[in-house]
Amino acid sequence: MKRTVDVSFPVGPVHPCWKEPARVKCETRGEYVLRAEVELGYMKKGIERIMKGRPWQEVMFLAERVCGICSVVHNMVFIETMEKISGIAPAERAAYLRVVANELDRIQSHLLANFSYCYTIEHETLGMYLLDLREKVMDLLEKLTGARVNKAYMVPGGVRFDIGEETRHAILGSIPRIREETKRYRGMFSGGPMIGLRSKGVGILSREDAGRCHAVGPTARASGIAVDCRQRHPTYMKLGFSPVVRDEGDNFARVMVRFDEAIQSLSLVQQCLERLPEGPVLAGGICRAGETVHRGEAPRGELSYFVKTDEYGRIAEISIQTPSIMNIEAAAHYMMTGAVSLADVTSIFISADPCIACTER
Amino acid sequence: MMDVLYEKDLRPLKLHILESPRHRRTIREIGRRLGVEPGWLIRWAMAHFDMQLLENLPARFEQGLAHQGADDPLASAIGAELFTVYLPFFTTEEMNAALEQARERLGRGEGMEAVVKDTLRVLGRGFA
C-alpha cells in the first residue's frame, strides 16, 4: 500500500456482511476511498490440481464442488466441454431439462445475492422475504434433480433422470406465484427511498472500466454491456433469449438486473416445460481425448473451462475461469475507487455478487 | 515484539495463483512479446499487483488483445493500450515516452519491425 493516506482500512476477512472470507484493504483520505486491494487465500481448495489426472467421471462431481451456490452451471459447463471434445450431442429433451435446472439455479442465486445486498444495507425485511422466496425455488430444484446443492444432474449426452408429469406440473404451477412475488419485491426495492439513498449513484462502474477488467454477467450488463453466453447457446437461441441490460452502472442497477433476470428465467423455465419434446434423456457417446475451451453463462457471468483429456478419459489439464474473478476485480479496482464514503465499501462489494469459493477454486 | 495481526506474507499465495495453466500461458505470451524471461515477469507482478489483479491477468490479457485498435499500427504492435490500460505493467507516461522515441526512429526511416522490437526490449528492461 502507498503511504499517502490517512488510514489503510481493512474490511474483513471476517465481516458480518461477507458470506465468505476475503480481505479488502482500502486506502482512505478521510471518508474518501482512494483505492482498494483484495487479499485472498482464506479458502483456497486447489481444486484444479485435485482434478488433474482423475477420470472425467470423478471430475464431474468435483466441478460442481467449486461453488455451492452455482453448482448446476459448473456441472453443465464441464459436461458441455466434455461433449465438445468428444463430439457428443445431448438428447433434445435433456437439453431443455438442462435449461430448466440452470435457470432455476440462476433464480435462487440471484435471490440470494439480492438478499445479501438488502442485508448489507440493513433492509432485513426485504432480505428475509427474498430468502423465503429462494426456498421455494430450491424446493423446485430439489423436485427436479433430487438434491439441493450438489446435484450432478447433467452427464455427457443428457441428464441423469427424466422429469415426471407430476413434477412438471408442480413446477409450472409454482411459476406464477414466484413471478408475482419477485415482481412485488422488485417493486419494494425500486421504490424504497432509503434503498435508493444507499444504492443509486453508489459504486459506479463505467462501461469503459467494465470492458477493461472484463467484467461479466449482471455486473457488466448493469453497465450497459450486452454480454451473455446464453445468446450463443443452441437451446437458448431456440427460446428467443435476449439479455437484460441497464446503463446506470451503480449498485441499484446491478440489483435490478438480477431481479429482472430472475423474472426472465421464470419465463425460460415455463417455455422449456411447455415445449418439452418427447424422447429419451440420454444420448449415447464416448468421452475421447482432446482439448478445448468452453464458455457458459453462470448466474454471475461468463464461466469458462479449459479441459485437456487423454485417451482414457482422464483430465490431463484443466483450468477454470469463474466470473467472480473479473467481477471482484471490477468492484475493488473501479467501483470502490473514489467512493465518497467508507461505509459504502461493503455494499459496493456485495452488489458485485462476489463468490470467494469460485475465485479461489 | 508485536506483529500486526493478519498482515501475512502473500508471496506463496500469489505464486500459487500464477502457477495455473492459464496464467502460465499468459505470462509466457506476455514475456515473449516484451522479450522478458517469465521468471522476471512473475517476480515483478507479485510485487506490484494485488491478488485479484493476478487472478484476472489472463482475462485482462484476452480483453486487451480483443480491443487493440487498428488505427495506429505502431501503438498496436507495441501494445500501448494492452500494457498500460488492460495490464498495468507500465504507466501511461512511460509508454508515451517509448512511443515518442519509436515514432522518431520511424520518421528517420528505420524499419517497423526493428523499432518495435527495440522499444519492447527497452520497456522490458524495467522488469530485471
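The values are calculated or read from the model by the stated rules, or taken from the named source; none is laboratory data. None of these values were measured; they are calculated from a predicted model. No Cβ is skipped: glycine too gets one built from the backbone with ideal geometry, and neighbour counts run over all protein chains shown. Please note that ligands, DNA and RNA were not included when accessible areas were found on the heavy atoms of the full protein model with its side chains. Shrake-Rupley method; radii C 1.70, N 1.55, O 1.52, S 1.80 Å.
Quick notes
- Number of residues in segment B:74-111 that are open to solvent by 60 Å² or more (accessible area, probe 1.4 Å) and in contact (Cβ under 8 Å) with a residue 24 or more places away in the chain: the value is 2.
- Contacts under 6 angstrom Cβ, first residue in segment A:230-253 being farther than 25 Å from A:Ala330 by Cα, partner open to solvent by less than 30 Å² (accessible area, probe 1.4 Å), 6 or more apart: A:Thr235/A:Ala95; A:Thr235/A:Val99; A:Tyr236/A:Arg230; A:Leu239/A:Leu268; A:Phe241/A:Arg230
- Residue count for segment A:116-131, restricted to those that are open to solvent by 30 Å² or more (accessible area, probe 1.4 Å) and either over 19 Å from A:Ile171 (Cα atoms) or in contact (Cβ under 8 Å) with a residue 40 or more places away in the chain (or both): 7
- The condition (being of a type in the set (Gly, Ala, Ser) and within 16 Å of the chain's Cα centre (by Cα)) is satisfied by just one residue among A:Ser206, A:Ser265: A:Ser265.
- When restricted to residues that are assigned to a helix (DSSP H, G or I) and among the acidic types (Asp, Glu), segment B:21-38 contains 1.
- Of everything in segment A:256-305 that is in contact with a Pro (Cβ under 8 Å, 6 or more places away or on another chain) and either among the charged types (D, E, K, R) or at pLDDT below 90 (or both), the residue that is most open to solvent (accessible area, probe 1.4 Å) is A:Gly285.
- Residue within segment B:46-56 that is under 24 Å from A:Ala210 (Cβ atoms), without any contact (Cβ under 8 Å) to a residue 40 or more places away in the chain and among the small types (Gly, Ala, Ser) present: no
- Residues that are assigned to a helix (DSSP H, G or I) and either more than 7 Å from every other protein chain (Cβ to nearest Cβ) or without any contact (Cβ under 8 Å) to a residue 24 or more places away in the chain (or both), drawn from segment B:59-73: B:Ala59, B:Phe61, B:Glu62, B:Gln63, B:Gly64, B:Leu65, B:Ala66, B:Pro73
- The numbered conditions (1) under 23 Å from A:Ser304 (Cα atoms); (2) within 14 Å of another protein chain (Cβ to nearest Cβ) are all true for A:Ser71 except (2).
- Residue list for segment B:46-73, restricted to those being in contact with a helix residue (DSSP H, G or I) (Cβ under 6 Å, 6 or more places away or on another chain), among the hydrophobic types (A, V, I, L, M, F, W, C) and open to solvent by 40 Å² or more (accessible area, probe 1.4 Å): none
- Residue count for segment A:311-335, restricted to those that are away from every other protein chain (no Cβ under 11 Å), modelled with pLDDT of 90 or more and either within 20 Å of the chain's Cα centre (by Cα) or over 27 Å from A:Tyr32 (Cβ atoms) (or both): 3
- Any hit, segment A:195-218, residues being in contact (Cβ under 8 Å) with a residue 60 or more places away in the chain, open to solvent by 10 Å² or more (accessible area, probe 1.4 Å), in contact with a Leu (Cβ under 7 Å, 6 or more places away or on another chain) and not acidic (Asp, Glu): no
- Of the helices (runs of 4 or more DSSP H) lying entirely inside segment A:149-247, the ones with 2 or more residues being modelled with pLDDT of 90 or more and within 14 Å of another protein chain (Cβ to nearest Cβ) are found at A:207-212, A:217-221.
- Inside segment A:48-68, residues that are crowded, with 19+ Cβ neighbours inside 10 Å and within 14 Å of another protein chain (Cβ to nearest Cβ) make up a count of 3.
- Residues considered: B:Arg43, B:Arg125, B:Arg32. Of these, the only one that is open to solvent by 80 Å² or more (accessible area, probe 1.4 Å), under 11 Å from the mean Cα position of the chain (by Cα) and away from chain A (no Cβ under 13 Å) is B:Arg32.
- Residue selected from segment B:74-86 under the condition more than 10 Å from chain A (Cβ to nearest Cβ) and touching a Gly at 6+ places or on another chain (Cβ under 7 Å), by the criterion farthest from B:Glu113 (Cα to Cα): B:Leu82
- Filter result for A:Gly87 (on the phi > 0 side of the Ramachandran plot and either over 16 Å from the mean Cα position of the chain (by Cα) or open to solvent by less than 20 Å² (accessible area, probe 1.4 Å) (or both)): yes
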